[in-house]
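Working notes, structure below.
The values are calculated or read from the model by the stated rules, or taken from the named source; none is laboratory data. Remember, predicted model here, so these are calculated numbers, not experimental data. Here the Cβ positions follow ideal geometry from the backbone for every residue, glycine too, while neighbour counts run over all protein chains shown. SASA here: full protein model, heavy atoms, side chains in, ligands and nucleic acids out. Shrake-Rupley method; radii C 1.70, N 1.55, O 1.52, S 1.80 Å.
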Amino acid sequence: MNNNHTLLNFSKADKVILWVGFPIAGLVLGWFLPRIAKWGSSLPWVPFQGPLKLIASYNGVWVGFITMILGLIAGIALTFLTFHESLEVSIYDDKVILKLRNEETILNKKDILLVFLDKKQLVLLGNDEKEIFRYKQELNENTVRTAFLQHNYSWSDKEPFKEDFKKWVVDSPDLSPAANALLKARKIAIENGEDEEVFQLAKELWKLRVSVKENDNRQYYR
């Protein structure tokens, strides 16, 4: 923390582990990939038989070096993706800045009623008690709580409206047609693993004063 704000993101140790761990894991997996492919291609029940047999068909030490390089590239790419998909939170005395992917959301303190964690998701409520932000983060609860309390934000150790959430079904009668349409689109995005689209559709629902979350690919709203 500096004199102006507190930054919630990966610690220096976490960054070292990510930058070193993923590439090394990629190298190791790449080196053993030809042998794994040979073993897997001998078992008919193992999926991806085509690619496995193709890799197993090549011989020579050079194959291992090539797959090591490919594994290293994959590890570096995974590290970049991890940072790209992680939420960065800057907490000031008068505002909170949330950076995700290439997008920045600025919420003024006067517009934030309450902050809490729902499992690993950081949730901010507006003055009408509806959600104005929700997204997963990886820090422990005590670290997040301490950071917000140091800047005098209202914090709850439990989700205050947990019992008010309802499971969404198509064309829920207590939702507007616009909200139902967004939830339909969001259901498809969840099933397709399109995390960025899932988040963008949630933002549109927040504008309609609808709070939304999911559990086991099922959506819940209030």
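Table for the structure above
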read-out: Selection from segment 165-194 of residues that are buried (at least 19 other Cβ atoms within 10 Å of the Cβ) and charged (D, E, K, R); value: ARG186
read-out: Positions within segment 170-186 being part of a loop (DSSP other than H, G, I, E, B) and under 20 Å from GLU197 (Cα atoms), in sequence order; value: VAL170
read-out: Breaking point among (1) exposed (fewer than 12 other Cβ atoms within 10 Å of the Cβ); (2) at pLDDT below 80, for LYS15; value: (1)
read-out: Residues of segment 131-171 that turn out to be in the same structural domain as LEU100 (by the TED database) and among the β-branched types (Val, Ile, Thr), as a count; value: 4
read-out: Qualifying residue in segment 21-43 (condition: under 30 Å from ASP157 (Cβ atoms) and either at pLDDT below 90 or not assigned by the TED database to the domain that holds TRP206 (or both)); value: no
read-out: Selection status of GLU197, open to solvent by 80 Å² or more (accessible area, probe 1.4 Å), more than 20 Å from HIS5 (Cβ to Cβ) and without any contact (Cβ under 8 Å) to a residue 40 or more places away in the chain; value: yes
read-out: Residues satisfying the stated conditions in segment 55-109, i.e. exposed (fewer than 13 other Cβ atoms within 10 Å of the Cβ) and part of a strand (DSSP E or B); value: GLU103, GLU104, ILE106, ASN108
